[in-house]
Amino acid sequence: MTRRRWLLGTAALVAVLLVAAGAVVASRLLSRPSPTPVAGSAAPTGSASPSAPAPATPPPGADLTGPLNLLLVGVDTRVSVPGWEPHADAVLVLHVPAGLGRAYLFSLPRDLVVDIPAYPKSGYPGGRTKLTHAMSYGSRVPGDKAHPSTAQGYELLRTTVSRYTGLRIDAGAVITFGGFDKLVDTLGGVDLYVDQRVASKHRRPDGRYRDRGAGGYVGPQMVYEKGNRHLTGWQALDYARQRYTAGGDYTRQRHQQQLIRALARKILDQGLARDPDQVEQVVAALGKTLVYVGGGRKLVDFAYALGGLPADGFVLVGLPGGAVGSGGSYRGEQLKPVGRQFLAALRGGTADRFLAAHPSLRVKT
């Protein structure tokens, strides 16, 4: 059976990597002995005083004080199909206000109707269509249909998201299928509150993929019952994938955000900042599934800057939307006015006040 290469929800890896795992790497770098004293530290006992004061070495990312915006992209890519263009199936934005003590995570619908600008690198002339297509249109390499460029696709998607939200995107990442379940299993699984009964379209209770016939998938289904659950890697991946539930894709977006928060809490609660070896296992689990784009800044810079963010500093926001059509046919999705107003509040630095007045936007965990 041909498996659809899926990555819905695995943008969680990026948030975890930037906010936690990367912070451990920064901590490790800073804890290594150095012949150059750090400003404010005492010289080793018995060491000779230098003839001139050594220049202070600021920690990585010390100049990143916010606000910061990170674009986290999960890509549907079928690596077994030559020339298959990546599609952005999960698009999440992590907004961190000045001071870096809080972070707002929200999703944009993959079918959001947006203006995608012209992109000469790929030959795309620009147009108004679904957000997910920005990734594929940007990935095209003229004269080489067999090797689409994920980096190009991200660049066009980033520009599109920035123009739509009005937020400058400072860094981000694209993740392909393969590392997510390994990451969760490396962490010993993840504890999550399942907020509604979810029947898997793709998996059996033992984790095997269901058979697919002419009428769709057949055979026993894995079912995630409502309540507190401990999920293994494949279960977490499968649960966050499901959109054929009450609420459709907006429910899936909520479940992806809840999974991100649960993973972040897991990493912070385990104190990975004091266990570099375990972090190296987490990073190794990602392997080549991660494409990081930092706009000239290293991952460790953002990781260190966000390393002090408390686990309860993640605010999950659900932006409501609805279908739009043309001539009676489905064209895509659009955010409702309250969702667009939230984006304006982010830009104006009044997100907390806005959420206090619109508590229904906060995603429960």
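Observations on the structure shown:
- Taking 7 Å steps out from each Cα toward its Cβ at ARG212 and ALA118 produces label points 3.8 nm apart.
- Highest average packing first - 151-163, 319-331, Cβ atoms within 10 Å: 151-163, 319-331
- One chain, two ends: ASP352 and VAL338. Fully extended at 0.36 nm per residue, the span grows by 3.6 nm beyond their Cα-Cα distance.
- The order of the peptides 136-147, 236-247 by mean Cβ neighbours within 10 Å, most packed first, is 236-247, 136-147.
- Potential lengthening between TYR244 and ARG204 on full extension [0.36 nm per residue; Cα-Cα distance subtracted]: 12.8 nm
- Rg to Rh quotient for region 177-270, alpha carbon positions, Kirkwood Rh: 0.97
- Taking 22 Å as the limit for the C-alpha separation, the pairs LYS201/LYS226; LYS121/LYS145; LYS226/LYS266; LYS121/LYS336; LYS130/LYS336 exceed it in the case of LYS121/LYS336.
- At an R0 of 56 angstrom, the distance between the Cβ atoms of ASP63 and SER329 translates into a FRET efficiency of 0.65.
- Note on region 97-175: along the principal axes its Cα atoms extend 47, 23, 18 Å, ordered by decreasing extent.
- Mean Cβ count within 10 Å, highest first, over the residues of peptides 206-214, 188-196: 188-196, 206-214
Each value in this text was obtained by applying a stated rule to the coordinates, not by laboratory testing. Predicted, not measured: the structure shown is a model, and the values here were computed from it. Note that we place each Cβ from the backbone using ideal geometry, even for glycine, and neighbour counts take in every protein chain shown.
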